[in-house]
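A short worksheet on the structure shown next.
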Ligand code: HEM
Ligand code: SF4
Ligand code: FES
């Protein structure tokens with residue numbers, strides 16, 4: 001790869017004063033951007049220049065800057081987390097862009113992710129979906145020996161793949177229906193594939209899906225945009241597993257107070 | 001801003017429940033489309049054959065009406081679920097993107113909400129055209145063969161049929177794939193075979209159905 005160079009770019013960035021106010025795209029010329037800088041460092045540079053002029057900096061969400069927290073939520077040229085596959089915004093570098101390019105930067109757009117300011121959205125809808133059932137209950141006390149509970153290797157691997165989800169919200173942002181099913185499917189799969197997740201498996205999928213609907217996310221039409229945008233390469237297969245579990249739970253879950261089983 | 005408490009209300013019918021309704025009714029409609037197509041091939045065996053087939057279909061009224069009511073219920077439920085989900089999906093993104101690039105969605109998945117209503121309009125016209133007979137004056141309740149020949153001699157009518165069948169092919173390709181996913185039956189093992197079978201099936205459905213109006217216009221069936 002050739003060495004670092006400086007490029008001049010043009011940004012079109014979503015600016016919005018606060019929740020519920022009307023936002024819009026504002027253009028900025030940004031000369032002298034090192035191709036070695038990350039996308040967020042480039043925005044830091046823009047903000048420094050804005051502040052030097054006494055202008056309000058652009059509000060951006062970010063935290064770890066190492067691809068694990070899921071905070072850096074930007075739609076770059078129409079794709080959440082930008083043009084590189086399996087890469088979060090904070091891991092994207094300016095070498096993915098070229099001299100003179102116009103780059104459009106927008107926040108996650110979804111009713112369930114209201115804009116707080118500029119490019120920052122409130123993603124607590126995902127937290128509420130987790131709180132509704134995305135956990136396993138364990139007793140405190142003596143720690144269980146490692147490997148005390150057998151887990152089939154294939155399940156362990158599939159559960160780990162699903163557990164890679166960082167809850168960034170890119171799936172709902174990418175989906176033309178603003179559906180959160182890749183995220184919910186990842187969590188339902190992650191816990192549902194493991195023995196520790198079995199006691200609450202039916203409750204979990206019913207409650208998480210219920211919360212997902214209540215938050216105002218759309219429904220899946222199997223377009224696959226979520227899978228393409230996901231920085232952690234979560235597969236559409238998790239949605240099939242969630243659907244399977246949900247339909248199974250709806251059909252077989254015994255109503256509260258139903259009498260005990262036994263033959264007819 | 002409290003993260004945990006939620007004041008939002010959940011809809012009565014969950015999104016996955018509605019999708020399951022669409023998938024199950026979709027299977028019924030899929031079956032109908034296929035049987036209907038196979039039966040109509042008898043058009044190529046002359047008037048006695050197809051008219052006899054039509055008379056046979058109508059010979060047991062309870063069976064005929066049972067089928068009709070099942071199909072009507074399936075279409076209505078399917079369209080109602082589609083409409084409900086469509087409204088929710090629109091509401092889920094009140095402010096759209098200035099720039100959205102699609103990376104994975106193909107033409108068939110992106111046009112489901114167009115091809116569906118086109119099929120609905122087609123079904124209404126088709127029933128007026130060949131079942132109720134109110135769409136043209138020379139209609140006969142027993143001579144199906146002549147109805148088809150007279151109906152398809154009109155280029156505009158035939159053109160609409162061809163267009164509707166293309167929409168149906170698109171709808172059934174993505175719909176067929178979707179229904180496996182919706183019902184949780186999609187697995188990596190069968191993904192490629194399912195797509196292949198659907199591609200062949202949808203091509204056959206389009207080609208055979210489109211062949212009827214074309215054959216009439218070309219003077220092969222008269
Ligand atoms: C011959 C008639 C029809 C057949 C065989 C058919 C079949 C199907 C199937 C199998 C699905 C997949 C269900 C799923 O998502 O799991 C589907 C989805 C759908 N259908 Fe139909 N359908 C028909 C007519 C219609 C009509 C009349 C409408 C609209 C008024 C419609 C609108 C839709 C929509 C919007 C979807 C959802 C697309 C998606 O989830 O990607 N369909 N259809
Ligand atoms: S599934 Fe992927 S895109 Fe969706 S929240 Fe998890 S990591 Fe982000
Ligand atoms: S800032 Fe943590 S993943 Fe990008």
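Here, each number is a calculation from the coordinates, and none is a lab measurement. Predicted model, so just to flag it, every value in this text is computed and none were measured. Positions of Cβ are backbone-derived with ideal geometry, glycine not excepted, and every protein chain shown enters the neighbour counts.
Using only the alpha-carbon atoms, how far is helix B:15-40 inclined from the longest principal axis of chain B? Give it as 0 to 90 degrees, nearest 10.
Orientation of helix B:15-40: about 20 degrees from the principal axis.
Could you put A:151, A:75, B:206 in order, starting from the residue whose Cβ has the fewest other Cβ atoms within 10 Å?
Listed from fewest to most nearby Cβ atoms, that is A:151, B:206, A:75.
Among B:138, B:100, B:42, which one shows the biggest mean-square fluctuation in a GNM of chain B, springs joining Cα atoms closer than 10 Å?
B:100
Can you give me the relative contact order of chain B as a percent, contacts being Cα pairs under 8 Å and 6 or more apart? Don't jump to the answer; show the numbers that get you there.
Working: 152 pairs, mean separation 59.9, N = 222.
The normalised contact order for chain B reaches 27 percent.
I need the calculated FRET efficiency for the pair residue B:136 and residue B:68, taking r as the beta carbon distance and R₀ as 22 Å, to the nearest 0.05.
Values: r = 22 Å, r/R0 = 0.98.
The calculated FRET efficiency here is 0.50.
Rounding to the nearest 10 and keeping the result within 0 to 90°, find how far the Cα-based axis of helix A:124-133 lies from the longest principal axis of chain A.
Around 10 degrees separate the two axes.
At 0.36 nm per residue, minus the direct Cα-Cα distance, what do residue B:57 and residue B:76 gain on full extension? Give it in nm, one decimal, please.
Values: separation 19, 0.36 × 19 = 6.84 nm, distance 2.29 nm.
Length difference between fully extended and current span is 4.6 nm.
Given springs between every Cα pair under 10 Å in a Gaussian network model of chain A, which of A:114, A:152, A:19 has the largest fluctuation?
Most flexible of the set in this elastic network: A:152.
Any chance you could run the full-extension gain for residue A:8 through residue A:258? It's 0.36 nm times the residue separation minus the Cα-Cα distance, nm to one decimal.
Working: separation 250, 0.36 × 250 = 90.00 nm, distance 6.88 nm.
Difference between extended and current length: 83.1 nm.
Sort A:69, B:202, A:64, A:171 so the one with the fewest other Cβ atoms within 10 Å of its own Cβ comes first. Walk me through the numbers on the way to the answer.
Details: A:69 16, B:202 21, A:64 13, A:171 32.
By the 10 Å Cβ count, ascending: A:64, A:69, B:202, A:171.
Give me the inter-chain shielding for A:96-104: mean count of other chain Cβ atoms within 10 Å, whole number please. Let's see the in-between values first.
Working: counts 0, 0, 0, 0, 0, 0, 1, 1, 5.
What the average comes to for A:96-104 is 1.
How much length would be gained if the chain were fully extended between residue A:250 and residue A:68, taking 0.36 nm per residue of separation minus their Cα-Cα distance, in nm to one decimal? Provide the component values of the computation, followed by the final result.
On the way: separation 182, 0.36 × 182 = 65.52 nm, distance 3.42 nm.
Gain on stretching residue A:250 to residue A:68: 62.1 nm.
Do you know the relative contact order of the range A:6-106, to the nearest whole percent, from alpha carbon pairs under 8 angstrom that are 6+ apart?
Values: 176 pairs, mean separation 34.5, N = 101.
Computed over the range A:6-106, the figure is 34 percent.
Only Cα pairs under 8 Å and at least 6 apart count here; give the relative contact order of the range A:123-252 as a rounded whole percent. Please list the in-between numbers first.
Values: 167 pairs, mean separation 44.0, N = 130.
34 percent.
Can you give the FRET efficiency for residue A:34 and residue B:13, using 1/(1 + (r/R0)^6), R0 = 60 Å, r = Cβ-Cβ distance, to the nearest 0.05?
Efficiency at R0 = 60 Å is approximately 0.70.
For peptide A:168-178, what's the mean number of Cβ atoms from other chains within 10 Å of each residue's Cβ?
On the way: counts 0, 0, 0, 0, 2, 3, 7, 4, 10, 8, 7.
Average per residue, whole number: 4.
Between A:200, A:52, A:210, find the one with the highest GNM mean-square fluctuation for chain A; connect C-alpha pairs within less than 10 Å.
A:52
Report, as an integer, the average count of C-beta atoms from other chains found within 10 Å of each Cβ along A:207-219.
Working: counts 1, 0, 5, 3, 3, 4, 12, 7, 4, 8, 5, 10, 14.
Per-residue shielding by partner chains comes out at 6.
With N residues in the protein assembly as shown, what two-decimal value do you get for its Cα radius of gyration over 2.2 N^0.38 Å?
Details: Rg = 27.4 Å, N = 486, 2.2 N^0.38 = 23.1 Å.
Here the answer is 1.19, to two decimals.
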